1. Give the residues of region 113-151 that are touching a residue at least 60 places away in the same chain (Cβ under 8 Å), closer than 23 Å to V40 by Cβ and more than 16 Å from the chain's Cα centre (by Cα), sorted by residue number.
2. Determine if region 160-172 includes at least one residue that is in contact (Cβ under 8 Å) with a residue 12 or more places away in the chain and aliphatic (A, V, I, L, M).
3. Could you identify the single residue in F110, F65, F88 that is under 15 Å from the mean Cα position of the chain (by Cα), assigned by TED's automatic domain parsing to the domain that holds L14 and closer than 22 Å to Y23 by Cβ?
4. For region 47-64, give me the residue count where each residue is closer than 18 Å to K13 by Cβ and either out of contact with any Ser or Thr (no Cβ under 9 Å at 6 or more places or on another chain) or of a type in the set (S, T, N, Q) (or both).
5. Condition first: touching a Leu at 6+ places or on another chain (Cβ under 9 Å), in a helix (DSSP H, G or I) and within 27 Å of R115 (Cβ to Cβ). Can you find one or more residues in region 67-74 that meet it?
6. Regarding region 20-27, can at least one residue be identified that is farther than 21 Å from T132 by Cα and either in contact (Cβ under 8 Å) with a residue 60 or more places away in the chain or under 15 Å from the mean Cα position of the chain (by Cα) (or both)?
7. A159 passes all but one of (1) surrounded by 11 or more Cβ atoms within 10 Å (Cβ to Cβ); (2) in a helix (DSSP H, G or I); which number fails?
Amino acid sequence: MPILLDLFITFFKLGLFTFGGGYAMIPILTDDVLAHGWLVQEEIMNFIAVAESTPGPIAINMATFIGASQGGFFGAVLATLGVVLPSFIIILLIASVIKGLMKFAGVKAFLSGVRPVVVGLILATGIGMMLTVLIGLEQIGEKVAFDWKALVIFAIIAATHIVWKRVKKKAPSPIILILISACLGMIFYGLIP
């Protein structure tokens, strides 16, 4: 199958069968991308970091980055279109019948059943990223290789969040935490061998 068509179909399926937004999509996206051999685990983690640090929804950013890495400009366009199109069509259909739709017990039951799965997928993504980035564990049974620099950056960001919240009585902006993390990454990984 040509790479452009494969990108579109893969991201269309991701967009069609992933509920709960971009974070819930990450475990499924990771499996698909690794299965296709498009990226390795470390590259996916880097793409997630970039996608989270740039404006826009993470799912669209990830589709665009992966599409571009595999198929250039047209790969980016088709992967992005693929991930967005199912939601666009479904929302368009739901919007036309939403008032009558929410009264059905089946719809309420469906949404009640989907919510815990979404929470589980987001939690799995967070735990998986934490294990990979901080302790270098990608597969169960692998030897643990702590990344002390990442652990220190994580501790600094966590401490910054806690102190900020106590002093300012509100959580810090994610933008501030991303900028601090980026600066710490440049210091620890760029200047300290």
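1. Hit for region 113-151 is E138, nothing else.
2. no
3. Just one listed residue meets the conditions, F65.
4. 4
5. no
6. So far as region 20-27 goes, yes, one or more of its residues are farther than 21 Å from T132 by Cα and either in contact (Cβ under 8 Å) with a residue 60 or more places away in the chain or under 15 Å from the mean Cα position of the chain (by Cα) (or both).
7. Of (1) surrounded by 11 or more Cβ atoms within 10 Å (Cβ to Cβ); (2) in a helix (DSSP H, G or I), only one is false for A159: (1).
Results for (1) in contact with a Cys (Cβ under 7 Å, 6 or more places away or on another chain); (2) modelled with pLDDT of 90 or more; (3) over 18 Å from T132 (Cβ atoms), shown as yes or no for each residue.
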residue	(1), (2), (3)
D32	no, yes, no
G37	no, yes, yes
E42	no, no, no
M45	no, no, no
I48	no, no, no
A51	no, no, no
P57	no, no, yes
T64	no, yes, yes
S69	no, yes, yes
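The values are calculated or read from the model by the stated rules, or taken from the named source; none is laboratory data. On a predicted model such as this, the values are computed, not experimentally measured, just so you know. A quick note on method: Cβ atoms are made from the backbone with ideal geometry, for glycine too, and the neighbour counts reach across all protein chains shown.
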